[in-house]
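Heads up, the thing below is written out as structure tokens.
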Amino acid sequence: MPRRREPDPFALQVGTRIRQLREEQKLTMEKLAFESELGSKGHLSNVERGLARPTIHTLKVLADRLEVDVLDLLTFPERGDRQKLVDLTRHLKRGTIRKLLKDLLEVLGPREPAKEPAPAPAPKKAQKRRSAPAKPKKKKRSS
């Protein structure tokens, strides 16, 4: 896919976030690109500048190398308290997160799991149209 001339607004937000997390770990663009199996510093540069929309696979390999969840690449702390809270949890140890979760559930009460959507009906098989039987060709009579 060719890169854009102008940044895509959401891709730019994601790219800026990737850059923030990369710089937090003091990684160069080249090191992140090659250690994440992305392999291309140029592609990473385009992602960080919003000129390329990253695929789910790209987000996964970058998150794995940055040692964060994909969620963290799509969390923008400057957008509000909830996202700031989510961002802060990535710095906590697993036990601390479990305790916070337990405390929240005591305050909020148990939550019902989201219901899975009903499966979509199976597509109808296309029936082959049967064409009308071919008319027999008339034989030419020889004179």
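All of the numbers you see were taken from the coordinates with simple rules; none came from a lab. What you are looking at is a predicted structure, and each value in this text was computed from that prediction instead of being measured. Cβ sites come from the backbone with ideal geometry, for glycine too, and all protein chains shown count toward neighbours.
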Assuming 1.002 mPa s and 20 °C, estimate D for region 1-74 with Stokes-Einstein, Rh taken as the Kirkwood radius over Cα pairs, in µm²/s.
181 µm²/s
Hey, which of these cross-link pairs are over 27 Å Cα-Cα: Lys31/Lys102; Lys60/Lys93; Lys60/Lys84?
Lys31/Lys102
Please give the peptides 41-51, 97-107, 23-33, 8-18 ranked by average Cβ packing (other Cβ atoms within 10 Å per residue), highest first, as a rough proxy for protection.
41-51, 8-18, 23-33, 97-107
